[in-house]
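Data first, discussion second: the structure below is written as structure tokens.
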Amino acid sequence: MCDRLLAEGHAVVGVDNFLTGAEQNITHLMGHPRFRFVSHDITQPLSVADPLDAVVNMASPASPKDYLEHPIETLDVGSAGTRNTLELARAKSARYLLTSTSECYGDPLVHPQVETYWGNVNPVGPRSCYDESKRFAEALTMAYHRTHGLRTNIARIFNTYGPRMKLDDGRVVPAFVYQALRGEPITIFGDGTQTRSFCYVSDLVDGLYRLMHSDEHYPVNLGNPDEMTILEFAERIRGLTGSSSPIVSRPLPEDDPRQRQPDISKARRLLNWEPRVPLEEGLRLTLDHFRGHTSSQLFIGR
Ligand code: UDP
């Protein structure tokens, strides 16, 4: 997102405490004349001296492994963090973009998921720290819009992947790529019949950029509608990497959603947006990155 904003000619103040992110993902921006970085935890109040046109709140652990390790921080960032960034936008008369999640739909009973569906979330299950945090963040954003007239947008992001993901963040794309490249067993949780659809990061960022220029304050789904089972996905990764890794089954995590596919009619209509990068191409770019940046890690033990 920072890369895109800078490429469009904007000045960017990046804020992160790197609870789950990696500093090396922004080293190429350090020294850029229009980029400034502030090391800060947004659950604490935040002041920025610069004038601001927009505040983009993308802060949260987002991988199930990460938010299960940091459930309280995850709830804090969706509540206090959202509040502090909304206050910043209000103080600066800036517009505000919240990046929410398809997890708001929980284990959905409506398929594909449309924005008007209210969801099927277990409020006390292990994933609730993320789902309810984001649902609260959406509610708070709508309250600021209604109470203070703040110009707000809410994106519901579906599974997204690409270069610069952490190899060990536990999500299915880095997990399968890592296992396939090392020739280790590819671990399918459950029987692999659950579905997901994967959006390449540049498509997602383009959707966010378009959304933050629109006046739509209700949520908009952003994701790729190309749905497949996790078993099919494992086979695609194995084919692409030329790996002979066996596919093995591991226990299905509690409350793992059975199916997930965005209905993106609203984004098509309002933003003239749809994903353009086919899965094969996106995975190739991701593989190149993982091969190039992690060869020492990948080939340990070979
Ligand atoms: N998954 C899997 N093996 C793995 C990691 C994930 O089968 O090593 C499955 C997981 O159970 C889920 C899907 O892949 O059904 C996507 O998981 P991910 O953690 O990437 O994101 P989620 O969509 O659950 O937020």
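The values are calculated or read from the model by the stated rules, or taken from the named source; none is laboratory data. None of these values were measured; they are calculated from a predicted model. As a convention, Cβ positions derive from the backbone with ideal geometry for all residues, glycine included, and neighbour counts pool all protein chains shown. Please note that ligands, DNA and RNA were not included when accessible areas were found on the heavy atoms of the full protein model with its side chains. Shrake-Rupley method; radii C 1.70, N 1.55, O 1.52, S 1.80 Å.
Assorted remarks:
- Residue 153 in contact with a Ser or Thr (Cβ under 7 Å, 6 or more places away or on another chain), at pLDDT 95 or above and over 21 Å from residue 74 (Cβ atoms): yes
- If the condition is being open to solvent by less than 50 Å² (accessible area, probe 1.4 Å) and of a type in the set (Asp, Glu), then region 59-106 contributes 66, 103.
- Identification of helices (runs of 4 or more DSSP H) wholly contained in region 161-259 with 3 or more residues that are within 10 Å of the ligand (Cβ to nearest atom) and at pLDDT 95 or above yields 172-182, 230-241.
- Of the residues screened, residue 149 is not one that is touching a residue at least 24 places away in the same chain (Cβ under 8 Å) and not hydrophobic (A, V, I, L, M, F, W, C).
- Top-ranked residue of region 147-156 - restricted to ones that are surrounded by 22 or more Cβ atoms within 10 Å (Cβ to Cβ) and not small (Gly, Ala, Ser), ranked as nearest to residue 256 (Cα to Cα): 156
- Subset of region 33-87 [basic (Lys, Arg) and out of contact with any Asp or Glu (no Cβ under 9 Å at 6 or more places or on another chain)]: 34, 83
- Residue match in region 241-254 (condition: touching a helix residue (DSSP H, G or I) at 6+ places or on another chain (Cβ under 6 Å), open to solvent by less than 20 Å² (accessible area, probe 1.4 Å) and closer than 22 Å to residue 136 by Cα): no
- Test: residue in region 102-110 that is out of contact with any helix residue (DSSP H, G or I) (no Cβ under 6 Å at 6 or more places or on another chain), within 23 Å of residue 194 (Cα to Cα) and free of Cβ contacts under 8 Å to residues at least 24 places away in the same chain: yes
- Total residues in region 1-58, condition aromatic (Phe, Trp, Tyr) and surrounded by 15 or more Cβ atoms within 10 Å (Cβ to Cβ): 2
- In region 160-174, the residues that are in contact with a strand residue (DSSP E or B) (Cβ under 8 Å, 6 or more places away or on another chain), open to solvent by less than 40 Å² (accessible area, probe 1.4 Å) and more than 15 Å from residue 284 (Cα to Cα): 172
- Pairs meeting the criteria (first residue in region 167-180 and in contact (Cβ under 8 Å) with a residue 12 or more places away in the chain, second residue open to solvent by less than 40 Å² (accessible area, probe 1.4 Å) and near the ligand (Cβ under 7 Å from one of its atoms), beta carbons under 6 Å, at least 6 apart or on different chains) are 169/63; 170/63; 171/63.
- Residue list for region 261-284, filter: surrounded by 18 or more Cβ atoms within 10 Å (Cβ to Cβ) and in a loop (DSSP other than H, G, I, E, B): 261, 263, 264, 273, 275, 277
- Strands (runs of 3 or more DSSP E) completely within region 9-95 that count 3 or more residues being over 22 Å from residue 133 (Cβ atoms): 35-39
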